[in-house]
Each structure stands twice: as C-alpha cells, then as structure tokens.
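Just below is one structure, and these are the notes that go with it.
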Amino acid sequence: MSSGKTLLFIYNADSGVLPGLKEYSSKTSTSHARDFCNLMAITSTPIGMKKDWKRFVRELGIPARFLNRNEFTSEVGAGLITFPAILVQTGKDLLMLASSEEINRCRSVEDLISLVQQRSLEIP
C-alpha cells in the first residue's frame, strides 16, 4: 500500500468503559447479539490487544486507527456500512478492505491476518 493511506479498524461497539465491558463479556456468550463484535473478540483480551495482532498491525507499514462505531459515525457519518469493518482511508475517500460478513467468518487472529494480507495486495 502506498503512503497517504490509513487503515481503519472499526469495532461493532460504542466507546466507553461500560460498553467495553459489555462487549467483552458478550463474546463468551453463545448468542450473537446485535452488539457482538468478532473483530474485538478475536484481537483483544480483557487487558488489551493480543500480541500477535499488535505485532502484525505494527509491521504493516501503514498507519492504523482503531475506532468504535460511534467514533466512526461522528467523524464520517453512518452511510451504508455495517460493523465491524476494515476500511482504507485516503483523504476523504474510503474503500472497504473487509466487510462485517468477512470479518465474522474469521475464527482466529491468524484468519484475520490472512484476510487483511490478502486484501492489502489488492489495493491500488
């Protein structure tokens, strides 16, 4: 990916301590509620980002931002996007790197890394 681009990792959760605790506790339940976020579930622990994921994002060579859905919608607007999502931002332009359906099919950090690597090669 060329410079001037930023990866946006957008969680299907609102910011704040209470929503964060609710989100983390919901990932252990068997039901996938509206607020379940597979991106958060497979990349985070109760104390922060998983080491393998953190290393991968750092070594991508492109700036990355992690946003909750309310932060994203306040900056960009709601649009027709579903969460979680991974986008590439160039200026005001946004390009979908991975949709919520694709992220939700991932079962591990390795699956998500593979998806991001594959899609990163396709971006002009």
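Coordinate-derived values only; no laboratory data. Keep in mind that this is a model prediction, so the values were computed, not measured. No Cβ is skipped: glycine too gets one built from the backbone with ideal geometry, and neighbour counts run over all protein chains shown.
Some points to look at:
- Backbone amide hydrogens, once placed in the peptide plane, bring Leu97 within less than 5 Å of Ile86, Leu87, Val88, excluding anything fewer than 5 places away on its chain.
- Per-residue HN-Hα couplings for segment 49-66 [Karplus 6.51, -1.76, 1.60; θ = phi - 60°; Hz; x = Gly/Pro]: 6, 5, 4, 4, 5, 4, 5, 4, 4, 4, 8, 5, x, 9, x, 10, 10, 10
- ³J(HN,Hα), Karplus 6.51/-1.76/1.60, whole Hz, each residue of segment 117-123, x for Gly, Pro: 4, 4, 5, 4, 5, 8, 7
- In order along segment 68-81, phi translates into HN-Hα couplings of 7, 4, 5, 5, 4, 5, 6, 7, 10, x, 6, x, 10, 8 Hz, rounded to whole numbers, per the Karplus curve 6.51 cos²θ - 1.76 cosθ + 1.60 with θ = phi - 60° and x for Gly and Pro.
- Close amide H pairs (under 5 Å, H built 1.01 Å from N) link Met49 with no residue at least 5 positions away or on another chain.
- Estimated FRET transfer efficiency (Ser74, Glu122; beta-carbon r; R0 30 Å; 0.05): 0.55
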